[in-house]
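The structure appears right after this line, and notes come after that.
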Amino acid sequence: MRTKKSTPTLAETNRRTEKWFRRGLWLLAVVFASFLIGLGGKIVDDLPKVEQSHELSHYIADKAQYEQLNAQKSQLEKRLGEHENALEQAQLALEKQRNETQSQREKYIASLATRKISEDREQNEKVFERTAEYEQLLAKERDLEKQVEQVRQQKLDTEQAIEQISGSLNDLETAAQPLKAAADRATELKVFLYRLALTLPLLLAAGWLFKNKRQSRWFPFVWGFIFFALFAFFVELVPYLPSYGGYVRHLVGIAVTVLVGKYAIAAMYRYLERKQAEEAQPITERETLNYDLAQNRLAKHICPSCERPLDFTNENMDFCPHCSVQLFKKCGNCQTRSSAFNRYCYACGQKHE
């Protein structure tokens with residue numbers, strides 16, 4: 001049987017111990033990537049802070065007027081708070097006075113009723129006293145109402161002054177907004193180019209490793225670096241991609257999709273062409289199959305060579321009907337039919353020739 005001892009690759013295996021070793025190596029790749037990501041984050045944090053931006057006030061043309069208006073607005077807002085507290089106190093005092101006036105009015109009405117019934121001189125004097133007290137309370141209530149109205153007017157004047165100053169501030173900020181937007185776009189582009197200069201070499205190195213070293217014996221470190229490069233691309237670069245209304249991000253997304261799709265389509269057709277070329281060659285000229293890879297494909301009920309599905313329950317099928325590779329043969333010692341990819345006969349233990 002055609003077999004070949006080769007350098008261990010990422011091909012699956014049926015050995016349980018080797019499977020656990022490979023799982024551990026993939027865990028090593030993840031751990032290695034996490035440390036690389038941590039180191040990359042520290043480097044980015046320690047780089048010059050090019051992404052710092054200024055507040056809108058930095059772009060105001062007349063900063064002296066802007067600061068003066070803000071100071072006046074702060075004073076008026078403080079005064080407005082004082083007016084609100086004074087109004088609340090005045091309203092409470094007025095409410096209390098109204099209750100007291102209402103109580104005195106009820107006593108006054110009761111005194112008038114008593115005077116009509118008794119016509120007593122002493123009752124007349126009490127009526128006069130209650131009338132004077134009632135009028136004093138009414139006068140105090142009117143004074144408190146005037147005080148409440150005065151505080152309300154002061155509060156309204158202050159609110160109108162704040163509104164006027166806010167309008168002036170809004171005019172200054174509206175004029176400065178285009179300047180800030182332009183500066184923010186320039187900073188955004190600078191941040192993207194700065195991060196691109198750091199990320200692009202990582203992506204190029206990861207692409208080379210993926211193409212040439214992803215199945216080498218050092219694959220945990222290779223894939224760890226690839227994971228790190230992908231993290232740097234999607235976390236450290238993509239979020240800082242300039243938007244410009246969404247056009248740039250959509251165009252970049254289209255370009256990346258086309259490149260990845262083109263690579264995937266080309267890889268698929270290369271695979272199909274390679275398989276077709278293998279099937280067209282004489283069986284003796286075909287590439288020797290990896291033992292573990294062949295066993296795994298057989299376990300999935302597909303041809304180890306052309307990878308097409310087969311009916312392995314057919315006891316008369318010794319060769320693949322698609323590529324003619326031998327699937328089963330009889331043992332030279334005991335004539336037991338077994339897989340042509342087995343190294344030893346499972347019935348007698350004789351090594352296959």
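Name the residue, out of PHE228, PHE210, PHE192, that is among the aromatic types (Phe, Trp, Tyr) and within 30 Å of LEU56 (Cβ to Cβ).
Just a single option satisfies the conditions, and that option is PHE192.
Please work out which residue is nearest to ARG343 (Cα to Cα), limiting yourself to region 273-299 and to residues that are loosely packed, with under 13 Cβ neighbours inside 10 Å and at pLDDT 80 or above.
Per the criteria, the residue is ALA299.
Condition (residue is exposed (fewer than 10 other Cβ atoms within 10 Å of the Cβ) and either over 19 Å from PHE319 (Cβ atoms) or modelled with pLDDT under 80 (or both)) applied to region 240-254: is it met by at least one residue?
The answer is yes; a qualifying residue exists.
Looking at (1) within 30 Å of GLN52 (Cβ to Cβ); (2) in contact with an Asp or Glu (Cβ under 7 Å, 6 or more places away or on another chain), which one does ALA176 not meet, given that it meets all the others?
ALA176 satisfies every listed condition except (2).
Which number in (1) surrounded by 13 or more Cβ atoms within 10 Å (Cβ to Cβ); (2) under 28 Å from ILE60 (Cα atoms); (3) charged (D, E, K, R) marks the one condition that GLU163 misses?
Failed condition: (1).
In region 167-208, what residues are small (Gly, Ala, Ser) and touching a residue at least 60 places away in the same chain (Cβ under 8 Å)?
Answer for region 167-208, where residues must be small (Gly, Ala, Ser) and touching a residue at least 60 places away in the same chain (Cβ under 8 Å): SER168, ALA175, ALA176, ALA183.
Within 42 Å of the chain's Cα centre (by Cα), modelled with pLDDT of 90 or more and closer than 24 Å to LYS155 by Cα: is that true of ALA86 in this structure?
It is false that ALA86 is within 42 Å of the chain's Cα centre (by Cα), modelled with pLDDT of 90 or more and closer than 24 Å to LYS155 by Cα.
Among the residues of region 151-172, count how many are among the polar types (S, T, N, Q) and closer than 15 Å to GLN68 by Cβ.
Number of matching residues: 3.
The values are calculated or read from the model by the stated rules, or taken from the named source; none is laboratory data. On a predicted model such as this, the values are computed, not experimentally measured, just so you know. Positions of Cβ are backbone-derived with ideal geometry, glycine not excepted, and every protein chain shown enters the neighbour counts.
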